[in-house]
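First comes the structure, then the notes that go with it.
The values are calculated or read from the model by the stated rules, or taken from the named source; none is laboratory data. Everything numeric here is computed off the predicted structure, so don't read it as measured data. Heavy atoms of the whole protein, side chains included, go into the accessibility calculation; ligands, DNA and RNA do not. Shrake-Rupley method; radii C 1.70, N 1.55, O 1.52, S 1.80 Å.
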Amino acid sequence: MQIFAPPRLTPSVLDAVARAALEEDRAREDVTVRAAIPAALRVRAALVARQTGVIAGLAVARAVYRVLDRRVQGREAGREGAQGRDGCRVREL
């Protein structure tokens, strides 16, 4: 007998969670970022593991960037559930 069935993490559910987290964090109102980084600036970035462990949360990362700015393009450099070492790239943006 299953007592609790977790919600399905569909893209729309992930987007709603990402949107709520970004609003709570007031990410679009970051005064330091607005003052220091020109709005038209385009950069390359990577999410890098800081310690050895299991890679997890790639769908959440995709949702955050999809909600924050649909122009952000990214690709997974690691695989969900794979072992990641300290310093390995997990996602490139």
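Average projected area of the Cα convex hull of the chain, in nm²? Please report the intermediate quantities before stating the final value.
On the way: hull surface 32.4 nm².
Value for the chain: 8.1 nm².
Output the relative contact order of the chain, whole-number percent, from Cα pairs under 8 angstrom with separation of 6+ residues.
Working: 101 pairs, mean separation 31.8, N = 93.
Relative contact order for the chain comes out at 34 percent.
Would you pull out the residues with amide H under 5 Å of Val48's amide H, same chain only if 5 or more places away, H placed 1.01 Å from N?
Val90
Could you order Thr32, Thr10 so the one with the most accessible surface comes first? Probe is 1.4 Å. Mind dumping the intermediate values first?
On the way: Thr32 100, Thr10 45 Å².
Highest to lowest solvent-accessible surface, that is Thr32, Thr10.
At 0.36 nm per residue, minus the direct Cα-Cα distance, what do Glu29 and Val43 gain on full extension? Give it in nm, one decimal, please.
Numbers: separation 14, 0.36 × 14 = 5.04 nm, distance 1.98 nm.
So the chain would gain 3.1 nm between Glu29 and Val43.
When ligands, DNA and RNA are left out and all protein chains stay put, how many square angstrom of accessible area per residue does the chain have with a 1.4 Å probe? Before the final figure, lay out the partial values.
Working: 7680 Å² over 93 residues.
On a per-residue basis, 83 Å².
Quick one: which residues, 5+ away or cross-chain, put their amide H under 5 Å from the amide H of Gly84? H built at 1.01 Å from N.
Gly53, Val54, Ile55
Of all the accessible heavy-atom surface of the chain, with the other protein chains kept in place and a 1.4 Å probe, what percent is carbon and sulfur? Write out the running numbers ahead of the final one.
Details: 4200 of 7680 Å².
The C+S portion of the solvent-accessible surface of the chain is 55 percent.
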